[in-house]
Amino acid sequence: MKNNSKITITSPARLHLGFMDLNGSLGRKFGSVGLAIDSIETSVTVSKNSMQNENKIDDLNKRAYVYANLILKAYEVDESVTIDVHKKIPEHAGLGSGTQLALTIGVAVSKLFDLNLNLMDIGKVLDRGNRSGIGIGAFEDGGFLIDGGKGKSEELPPITVRQDFPENWRIILLVNSREKGIHGQKEYNAFKTLKPFPENLSEKLCRLVNMVILPSLIEKNFNDFSRAIGKLQKIVGTHFSPIQGGVYSNPDIANIMSYVEKKGFMGVGQSSWGPTGFILTDSDTAAHKLTKDIRQNFLCKDLQIEIIQGRNKGSCIEFNNSNKEEQNINLNINKE
């Protein structure tokens, strides 16, 4: 990989489907469940730059340059880069935009300057993945993911389970383009002000994930899987409701979810702090039929409705626009 002067990386958005253990009495807290998704992605090109490029920083690329400079400074690289952001996951929508932008930039800089960093190295430097490892797992391998939560050390949550998501299942996404989910300092304060999560509910969620969600996913039992995801979402969403104003942060999406549940679609929820909502369906036909139904019965002025699939591969990397490698990037995310 030496002598590369330009790298393009494309990484997928993800759904955060909920936490398993917000109690933390066993010494590890959070424990996330999530899914890499297709069609929504971040794509950037990073190239070596022989001149300092502060004048090139604009609003669109500002965060990307901040991430690049943090990596360069942390590893004492006296160089600069030029960054082009081609596609961007919607920010603060619950789709993991910040983590994917950070990882694409961090990996590109690492490879351009032969820093040999793994994803955990990059996550620590760029302050990503502190509560959830799903974004890092989505970048690395895609698929349905579970992480082991945050322990007492400085290590980021490790991916403990990765499974393919069935190719024929579909997800309806409801994205409110005018609304932003809780993030940054507000998110930090929210976790500080929430009441303690009951230990018995953590035990229930862990049992639900390990004894229903995972086996039904492997067996491609859509009914059991979707019903269990809906239960997980209800319990976690109820815990966060004092902060976000209900199980869902957006009342229009909440109304739609209530409607589709009555029609038998139980795998519904909100990704992270939202406002993005999701509905699980077992086929493309069912997804299109339900989407048409929603549009006919609700005024979806500010809602973008998309039908997407799970993504069973991670990020794609292209060196010098010639040698495209669609994963595995082999960054050894759990390597010390």
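Nothing in this text is a laboratory measurement; each read-out follows from the coordinates by a stated rule. Nothing here was measured: the structure is a model prediction, and the numbers come from that model. Ideal geometry is used to build each Cβ from the backbone, glycine not excepted, and the neighbour counts take in all protein chains shown.
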- Message: Distance between the C-alpha centers of region 4-32 and region 135-153? Whole Å please.
- Response: 5 Å
- Query: Roughly how many whole Å is it from the C-alpha centroid of region 91-133 to that of region 207-247?
  - Reply: 27 Å
- Task: Would you kindly give the portion of the calculated P(r) for region 166-309 that falls above 18 Å, as a percent of all Cα pairs?
- Result: 58 percent
- At 1.002 mPa s and 20 °C, Stokes D of region 41-155 from Kirkwood alpha-carbon radius, µm² per second: 146 µm²/s
- Query: Taking amide H positions as placed 1.01 Å from N in the peptide plane, with prolines and chain starts having none, which residues 5 or more places from Asp282, or on another chain, fall under 5 Å of its amide H?
  - Reply: Arg170
- Could you pull out the pairs from Lys73/Lys152; Lys234/Lys263; Lys220/Lys262; Lys124/Lys313 whose alpha carbons sit more than 19 Å apart here? Lys73/Lys152; Lys220/Lys262; Lys124/Lys313
- Task: Using per-residue counts of other Cβ atoms within 10 Å, averaged over each peptide, order 207-220, 229-242 from highest down.
- Result: 229-242, 207-220
- Item | Two-decimal log10 I(q)/I(0) for the chain, as the Debye equation yields it once each C-alpha is a single scatterer, q = 0.06, 0.14, 0.16 Å⁻¹ | -0.21, -1.11, -1.39
- Query: Which whole DSSP H helices in the chain pass both tests: a Cα extent of 15 Å or more along the axis and a mean Kyte-Doolittle value no lower than -0.5?
  - Reply: 62-74, 97-112, 222-244, 251-262
- Query: Can you put Met20, Met120 in order, fewest other beta carbons within 10 Å first?
  - Reply: Met120, Met20
- Query: Magnitude of the Cβ-charge dipole of the chain, K/R +1 and D/E -1, about the Cα centre, nearest 20 debye?
  - Reply: 760 debye
- Got a sec? How would Thr104, Thr8 order by Cβ neighbour count within 10 Å, fewest to most? Thr8, Thr104
